[in-house]
Amino acid sequence: MAHRHADLLALSAVAMRDRLAAGAISAETLVAACLDRIAEAEPQVQAWAWLDGAAALEQARALDRARVAGRAIGPLHGLPVGLKDIIDTRGIPTECGLASEAGRVPSDDAWIVARLKGAGAVIMGKTVTTEGAYLAPPKTRNPHNPAHTPGGSSSGSAAAVAAGMVPLAVGTQTGGSVIRPAAYCGVVGLKPSFGLIPRTGILTQSPFLDTVGVFARTVEDAALLAGVLAGHDPADTATEPRADPRLLDIAAAKAPVPPIFAVVRLPGYDSADADMRAAMEELAEVLGEQCFDAPFPGFDEVAAIRARINFAEMAKCYYPLERRGRDTMSDHLRGAIDEGKAVLARDYLAALDWRTVINAALDPIFNRCDAILCPAAPGAAPGAETTGSAIFNGIWTLAGVPTVTLPVFSADNGLPMGLQLVGRRGDDARLLRTARWLAAHLETLERD
């Protein structure tokens, strides 16, 4: 990275926003810095499915002209954002990682893209997704070590933020596709409450599970982006009219009292690496009386329940894609679709009841704590032949509760590992404030 840009790209998105608004830096300068960093890192990381530097610079210049002319600026004025390549962008290819969709150019923006443009964001380009936002490993590599996966399915979004190519990016999660890649790449990932961010114009895999999430380098940055994207779209029945969640204001506020954390051992905890189990034990010791072990309801079948919903809905939603290009799909994707076709209606409908069941079981825990703590993934990123395991993510996606991953652990091989914080459904702002407190607390302890 050119030395003149290093300090600029090291800033948080909130700090960038403030400097852009004050005119201390221009949007063109920031976008040019990001493009320089992309040129340096992209040959190894391969985070982008589509990138047009000239178009990004022109967006930035138009925003600079508007600010100089005294026009009102948006909350994301001049900030570069990467978009997972399942999110429709007018006039820009959106191919969903599928050979059958190569060359597809939408005529309309997704709801969140229109919101981003209205907020003054610069759409830098489309980040790599796994095939059909499922499990087949993509071309993207982990910025910390190219022999390892960045996770999936929001592979490029996590890697682009981790590599310093953009300060912010958008992804989606149906199983663990935001939290897992954020953990593997060592960035902050937020999967908000189900229904907080509209999904209109985004590839639908599972309407009951699909959730838009964000990637950033700090909790405040994630709150900034998610707060702008939150809203009500009548075309997405998962959303509803609600007041501004004020995610950034609340996330940045001082916690009224030191938060209390519950540590839970999810089904599959024995599959966690020794590094991760040791890190969780050390964290519990550090937190002391602010932390307690919470017995977790069995729910051993929850992974199968979530998969049943996912595959049944995928078989329905991907039917047009399958008709156009089944022969070009990977065995991973064809297998999931075929499994979904075999799900009985009785079993699918019964599986939908589990969201209510899980949240009822979580209530007694949340009545005693501000957030649940658990691993974001079994350990550090595995090799590039896989996208890793979502064993510690799927239950939260099924429950529709908000989760945040913090890059506060490291494995013995030097790769990052993520800590996952979970909040009560609808308590996104409180969860973000708790996550910011914990990140700052651990940073202070590390300095001391």
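The values are calculated or read from the model by the stated rules, or taken from the named source; none is laboratory data. In this text the structure is predicted, and so the values were computed from the model without any measurement. Cβ placement follows ideal geometry from the backbone for every residue including glycine, while neighbour counts extend to all protein chains displayed.
Checking ARG355 against (1) out of contact with any Leu (no Cβ under 8 Å at 6 or more places or on another chain); (2) over 27 Å from ALA439 (Cα atoms), which single condition isn't satisfied?
With respect to (1) out of contact with any Leu (no Cβ under 8 Å at 6 or more places or on another chain); (2) over 27 Å from ALA439 (Cα atoms), ARG355 is out only on (1).
Within segment 412-448, restricting attention to residues that are part of a loop (DSSP other than H, G, I, E, B) and over 16 Å from PRO402 (Cβ atoms), which residue is nearest to the chain's Cα centre (by Cα)?
Only one residue tops the list, namely LEU415.
State the number of residues belonging to segment 75-93 that are free of Cβ contacts under 8 Å to residues at least 60 places away in the same chain and either on the phi < 0 side of the Ramachandran plot or crowded, with 22+ Cβ neighbours inside 10 Å (or both).
Within segment 75-93, residues that are free of Cβ contacts under 8 Å to residues at least 60 places away in the same chain and either on the phi < 0 side of the Ramachandran plot or crowded, with 22+ Cβ neighbours inside 10 Å (or both) number 4.
What about ALA390, is it out of contact with any Ser or Thr (no Cβ under 6 Å at 6 or more places or on another chain), touching a residue at least 60 places away in the same chain (Cβ under 8 Å) and part of a loop (DSSP other than H, G, I, E, B)?
Spelling it out, ALA390 is indeed out of contact with any Ser or Thr (no Cβ under 6 Å at 6 or more places or on another chain), touching a residue at least 60 places away in the same chain (Cβ under 8 Å) and part of a loop (DSSP other than H, G, I, E, B).
Pick from ARG141, ARG104, ARG67: which is surrounded by fewer than 18 Cβ atoms within 10 Å (Cβ to Cβ) and modelled with pLDDT of 95 or more?
Residue meeting the stated conditions: ARG104.
Among the residues of segment 24-47, count how many are within 24 Å of the chain's Cα centre (by Cα), within 20 Å of ALA13 (Cα to Cα) and not aliphatic (A, V, I, L, M).
2
Just checking: which of the helices (runs of 4 or more DSSP H) contained wholly in segment 280-387 hold 2 or more residues that are small (Gly, Ala, Ser) and within 26 Å of TYR184 (Cα to Cα)?
On the way: elements: 302-317, 319-325, 331-341, 345-352, 354-366.
In segment 280-387, the matching helices (runs of 4 or more DSSP H) lie at 302-317, 331-341.
Given the condition under 24 Å from GLY132 (Cα atoms) and of a type in the set (S, T, N, Q), answer yes or no: does some residue in segment 97-113 qualify? Explain how you work it out, then say what you get.
Quick first cut of segment 97-113, residues under 24 Å from GLY132 (Cα atoms) only: 97-113.
Next cut, of a type in the set (S, T, N, Q) only: 100, 107.
Within segment 97-113, one or more residues are under 24 Å from GLY132 (Cα atoms) and of a type in the set (S, T, N, Q).
Checking GLY379 against (1) surrounded by 22 or more Cβ atoms within 10 Å (Cβ to Cβ); (2) of a type outside the set (A, V, I, L, M, F, W, C); (3) at pLDDT below 95, which single condition isn't satisfied?
So GLY379 meets the others, but not (3).
Kindly indicate which of LEU266, LEU283, LEU248 is touching a helix residue (DSSP H, G or I) at 6+ places or on another chain (Cβ under 6 Å) and crowded, with 18+ Cβ neighbours inside 10 Å.
After ruling out the rest, the residue left standing is LEU248.
When you check ALA384 against the structure, is it within 17 Å of PRO181 (Cβ to Cβ), crowded, with 18+ Cβ neighbours inside 10 Å and out of contact with any helix residue (DSSP H, G or I) (no Cβ under 8 Å at 6 or more places or on another chain), yes or no?
Values: within 17 Å of PRO181 (Cβ to Cβ): yes; crowded, with 18+ Cβ neighbours inside 10 Å: yes; out of contact with any helix residue (DSSP H, G or I) (no Cβ under 8 Å at 6 or more places or on another chain): yes.
Yes: the conditions hold for ALA384.
Restricting attention to segment 357-376, and to residues there that are in contact with a helix residue (DSSP H, G or I) (Cβ under 7 Å, 6 or more places away or on another chain) and of a type in the set (Val, Ile, Thr), which single residue is surrounded by the fewest Cβ atoms within 10 Å (Cβ to Cβ)?
The residue in question is ILE358.
Keeping to segment 254-274, report how many residues are assigned to a loop (DSSP other than H, G, I, E, B), hydrophobic (A, V, I, L, M, F, W, C) and closer than 22 Å to ALA429 by Cα.
4
Taking the condition under 17 Å from VAL14 (Cβ atoms) and of a type in the set (Gly, Ala, Ser), does ALA251 pass?
yes
Given the criteria closer than 20 Å to GLU101 by Cα, basic (Lys, Arg) and at pLDDT 95 or above, does ARG334 qualify?
Against the criterion (closer than 20 Å to GLU101 by Cα, basic (Lys, Arg) and at pLDDT 95 or above), ARG334 qualifies.
Can you tell which of PRO207, PRO241 is over 21 Å from GLY152 (Cβ atoms) and either crowded, with 22+ Cβ neighbours inside 10 Å or not aliphatic (A, V, I, L, M) (or both)?
From the options PRO207, PRO241, the qualifying one is PRO241.
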